[in-house]
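Reviewing the structure listed below.
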Amino acid sequence: MTELLIVRHGQSEWNEIGRWQGQSDPPLTELGRREAAAAGASLAAGAMGEFDSIWASDLWRAVTTANLIAQALGHEIVSTHCKIRERFAGPWEGLTREEIEAGWPGYLDQRMRPEGFESDDSLTQRAMAGLEDIAERTARAVVVAHGGVIRCIDRHLGLQGRSIANLASRLLTRDSSGWSIVDGPDLAAGTDTGLE
C-alpha cells in the first residue's frame, strides 16, 4: 500500500494579489514561507508518522514549499515531478478575476475556459500518471502540488466541494483495488482564492 499526502503550496505573490498563476511561477510571499514552515512543523510533531520521501511539482512555489516541509521533517532531498505541475491556463495566466471577466465576460460564472486552457480531463490524466509514478518509487510521501491539480484529483476520486486553501491537504491511498482519497490534516493557514 502507498500513502501520499498531497499538499497545496504556500501563498505565492500572485495568490496574494489575486492573479491566476497556471504554469507561471511567482515566488512564495513571506507569509507563504511561514505557512510552509508551520506545515512542516505540524507534520514533524508526528500526527501523521514518518514519510519516506518529499516530492514537489517542478514549479518553484511548490519546490520552495516542499523544501521548507522537508527541513522540518529532516529530509535533505526533494524530488520533483513535472506531471504534477499546475495546469496551463493559456491566455488567463497572470490575469486577475476582473481582467478575465473583462476579456471573457461570463466565462468564470459559467465555468467556461478559453482556447489554450488545459482541460480538466488532460490535467487529471497527467496528474494521476505523475502520482502513479511517484507511488512506484515510495511507500509514504508528502507531495506538494497545486490547487488545480488537487481539485481535479478530488473530482476524479469522488471528493468534491472541498476548499483548497494554501497548505490544504488530502491523503491519497493506493492499494490493489486502486486509489482512494480523504481530507488530510489541517495544515492550511490561507484561504482558497479559487484561482489556479
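Note down all Cβ pairs under 6 Å where the first residue falls in segment 130-145 and is within 24 Å of GLN21 (Cα to Cα) and of a type in the set (Phe, Trp, Tyr), the second is surrounded by 15 or more Cβ atoms within 10 Å (Cβ to Cβ) and modelled with pLDDT of 95 or more, and they're at least six residues apart or on different chains.
none
I'd like the residue in segment 1-33 that is of a type in the set (D, E, K, R) and touching a Leu at 6+ places or on another chain (Cβ under 9 Å) and, out of all such residues, is surrounded by the most Cβ atoms within 10 Å (Cβ to Cβ). Spell out how you get there, then give the answer.
Looking only at segment 1-33, we keep the residues that are of a type in the set (D, E, K, R), and these are 3, 8, 13, 16, 19, 25, 30, 33.
Pick out the ones that are also touching a Leu at 6+ places or on another chain (Cβ under 9 Å) and you get 3, 8, 13, 16, 19, 25, 33.
On the way: GLU3: 18, ARG8: 30, GLU13: 15, GLU16: 17, ARG19: 21, ASP25: 17, ARG33: 17.
In this case the residue turns out to be ARG8.
Quick one: count up the residues across segment 160-191 that are in a loop (DSSP other than H, G, I, E, B) and out of contact with any Ser or Thr (no Cβ under 9 Å at 6 or more places or on another chain). Break it down into steps so the answer makes sense when it comes.
Residues of segment 160-191 that are in a loop (DSSP other than H, G, I, E, B), as a first pass: 160-168, 176-177, 184-191.
Pick out the ones that are also out of contact with any Ser or Thr (no Cβ under 9 Å at 6 or more places or on another chain) and you get 160-162, 164, 168, 176-177, 189-190.
The qualifying residues number 9.
Given (1) more than 16 Å from GLY10 (Cα to Cα); (2) surrounded by fewer than 20 Cβ atoms within 10 Å (Cβ to Cβ); (3) free of Cβ contacts under 8 Å to residues at least 60 places away in the same chain, identify the lone condition not met by SER163.
Of everything listed in (1) more than 16 Å from GLY10 (Cα to Cα); (2) surrounded by fewer than 20 Cβ atoms within 10 Å (Cβ to Cβ); (3) free of Cβ contacts under 8 Å to residues at least 60 places away in the same chain, SER163 misses just condition (1).
When segment 38-65 is examined, which residues are found to be of a type outside the set (S, T, N, Q) and over 16 Å from the mean Cα position of the chain (by Cα)? Quick ask: steps written out before the conclusion?
Within segment 38-65, the subset of a type outside the set (S, T, N, Q) is 38-41, 43-52, 54-56, 58-63.
Residues satisfying the conditions are ALA38, ALA41, LEU43, ALA44, ALA45, GLY46, ALA47, MET48, GLY49, GLU50, PHE51, ASP52.
Quick one: count up the residues across segment 40-52 that are assigned to a loop (DSSP other than H, G, I, E, B), buried (at least 17 other Cβ atoms within 10 Å of the Cβ) and of a type in the set (A, V, I, L, M). Show your work before the answer.
To start, the set of residues in segment 40-52 that are assigned to a loop (DSSP other than H, G, I, E, B) comprises 45-52.
Now narrow it down to the ones that are buried (at least 17 other Cβ atoms within 10 Å of the Cβ): 48, 51.
Those still in the list that are of a type in the set (A, V, I, L, M) too: 48.
Of the residues in that region, 1 qualify.
Okay, residues lined up against (1) without any contact (Cβ under 8 Å) to a residue 40 or more places away in the chain; (2) closer than 25 Å to LEU159 by Cα; (3) outside any helix (DSSP H, G or I):
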{"site": "ARG33", "(1), (2), (3)": "yes, no, no"}
{"site": "ALA38", "(1), (2), (3)": "no, no, no"}
{"site": "VAL63", "(1), (2), (3)": "no, no, no"}
{"site": "LEU68", "(1), (2), (3)": "no, no, no"}
{"site": "ALA72", "(1), (2), (3)": "yes, no, no"}
{"site": "LYS83", "(1), (2), (3)": "no, yes, no"}
{"site": "GLU101", "(1), (2), (3)": "yes, no, no"}
{"site": "ARG113", "(1), (2), (3)": "yes, yes, yes"}
{"site": "THR124", "(1), (2), (3)": "yes, yes, no"}
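The values are calculated or read from the model by the stated rules, or taken from the named source; none is laboratory data. All values reported here derive from a predicted model rather than from experimental measurement. FYI the Cβ positions are ideal-geometry reconstructions off the backbone, even for glycines, and counts take in every protein chain you see.
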